[in-house]
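Only the coordinates and a few stated rules stand behind these numbers; no lab work does. The structure displayed is predicted, hence computed values, not measured ones. Counting neighbours? That spans all protein chains shown, and the Cβs are built from the backbone with ideal geometry, glycine included.
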Amino acid sequence: MLSKSLTIVNQRYQAIKKDGEDVIQGLTQTSKSLPPKYFYDARGSELFEQICDLPEYYPTRTEAWILSQYADEIAQITGGCELVELGSGSSTKTRILLDAYQKNAGDCRYVPIDVSGGMLATTVRQLQQTYPDFSIAGLQGTYEAALEHLKFTDWSSRMICFMGSSFGNFTSQESDGFLSKIARALKSGDYFLLGVDLQKPKEILLPAYNDSQGVTADFNLNMLSHLNWRFQGDFDIKLFKHEAIYQAVNGQIEMYLHCQKSHWVSLELLDLQVFFEVGESILTEVSRKFDLGIMQKQLEAQGLKTVKIWTDPQKWFGLILCQA
């Protein structure tokens, strides 16, 4: 019995360490970095919802405006379908789409996918009450993992949605790989709805990631708290400071956590000890801003042909509907 228990514990330890390989890799390289997925524990998801309501944070309200104007048209183009949303969060904007499908198509199956199980469960319960005639079932996990295991639907068509500005978190190479996975999860005639944040002056961009209330700073620092409970770490978040900068050469926002005092950090479950020099930084997010013409070519290279593009009057944000 003891031997069996030790085997189970060892297997669990190995699984946790494998899960944190990206943390080990990111914190042991010369220029330290962490994947954005570690923003989203329960607290991180709550903070991001607060960010979306900030006056400086234009992407959410701009995309919501586009949806409010054109959701009916989207529903009319695709007809009743299975709607799979990657990184669904609270599905606030998606309700605009669901209302449009209820009005124009009469039927829809909604599959929200998110890493935060608590938020996902709450959202699914609320949506099941609001849309009792729709089939709604959540799937917990990263969107990359979900795409690998997404089964083909028995519906006549599927639309995968990736709204918000998370596509900008990928490097150019990663975004090609992601779009390739999207294409493989669609059959001929299926749809992909992509939200992209467009290029604009840094005077608009920087306040969106350095808000006056400090919510984005809390969101960024919470990543370290997430690592603490997930991997039994001892990050002292008071020893780090948030900053977002605009990198003009590549047209992207970069978010950092700057170390304020030299010290050691331990992540026990990863068997990892890391030394931070004063002034050393962790890159926690890159948010690229896009040109619609270039984006169309990248999509088409993966077999995703643009059907229609919708933007706001200021051309701050774009929604691109593609078809496989």
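Using the Karplus equation 6.51 cos²θ - 1.76 cosθ + 1.60 (θ = phi - 60°), what ³J(HN,Hα) coupling, rounded to whole Hz, does each residue of segment 165-178 give in order, writing x for Gly and Pro?
10, 5, 4, x, 6, 7, 6, 4, 5, 5, 5, 5, x, 5
As a test of the definition: which semi-axes, in Å, follow for segment 65-180 when you take the square root of five times each eigenvalue of its alpha carbon gyration tensor? Largest first, please. Kindly include the intermediate steps, with their values, before the conclusion.
Numbers: eigenvalues 97, 56, 42 Å².
The three semi-axes for segment 65-180 are 22, 17, 14 Å.
Which of LYS200/LYS305; LYS37/LYS202; LYS187/LYS305; LYS181/LYS315; LYS200/LYS241 have a Cα-Cα distance over 19 Å? Don't jump to the answer; show the numbers that get you there.
Numbers: LYS200/LYS305 25 Å; LYS37/LYS202 25 Å; LYS187/LYS305 13 Å; LYS181/LYS315 28 Å; LYS200/LYS241 26 Å.
Listed pairs above 19 Å: LYS200/LYS305; LYS37/LYS202; LYS181/LYS315; LYS200/LYS241.
So for the chain: antiparallel DSSP bridges make up what percent, rounded to the nearest 5? Before the final figure, lay out each step's value.
Numbers: 34 of 54 bridges.
Close to 65 percent.
Hey, what's the per residue convex hull volume over the C-alpha atoms of segment 285-324, in cubic angstrom? Could you put the intermediate results ahead of the total?
On the way: hull volume 3.3 nm³, N = 40.
About 82 Å³ per residue, rounded to a whole number.
If you compute Cα Rg over 2.2 N^0.38 Å for the structure shown, which of (1) 0.93; (2) 1.04; (3) 1.30 do you land on?
(2)
Can you compute 3J(HN,Hα) from phi for each residue in segment 135-148, using the Karplus curve 6.51 cos²θ - 1.76 cosθ + 1.60 with θ = phi - 60°, rounded to whole Hz and x for Gly and Pro?
7, 10, 9, x, 9, 8, x, 6, 5, 5, 5, 4, 5, 5
Magnitude of the Cβ-charge dipole of the chain, K/R +1 and D/E -1, about the Cα centre, nearest 20 debye? Before the final figure, lay out the partial values.
On the way: 30 positive and 39 negative charges, 100 e Å.
It works out to roughly 480 debye.
Take the alpha-carbon centre of segment 16-70, take the same for segment 198-242, and report the distance between them in whole Å.
So the separation of the two Cα centres works out to 9 Å.
Which values, in whole Å and largest first, are the semi-axes of the equivalent ellipsoid of segment 122-211 obtained as the square root of 5 times each eigenvalue of the Cα gyration tensor?
Values: eigenvalues 157, 81, 30 Å².
One finds semi-axes of 28, 20, 12 Å for segment 122-211.
Which three lengths, in whole Å and largest first, does segment 202-324 cover when its Cα atoms are put on their principal axes?
Between the extreme Cα coordinates on each principal axis of segment 202-324 lie 52, 33, 25 Å.
If eta is 0.890 mPa s and T is 25 °C, what Stokes-Einstein diffusion coefficient results for segment 71-134, Kirkwood Rh from Cα pairs, in µm²/s?
Values: Rh = 11.8 Å.
The calculation lands on 208 µm²/s.
Could you sort 62-68, 316-322, 211-217, 148-154 so that the peptide with the highest average Cβ count within 10 Å comes first and the rest follow in order?
Working: 62-68: 19.3, 316-322: 22.7, 211-217: 16.4, 148-154: 11.9.
Per-residue Cβ counts within 10 Å, averaged per peptide and sorted highest first, yield 316-322, 62-68, 211-217, 148-154.
Once you put a point 7 Å from the Cα of LEU283 and another 7 Å from the Cα of LYS238, both along the Cβ direction, what distance in nm separates them?
3.1
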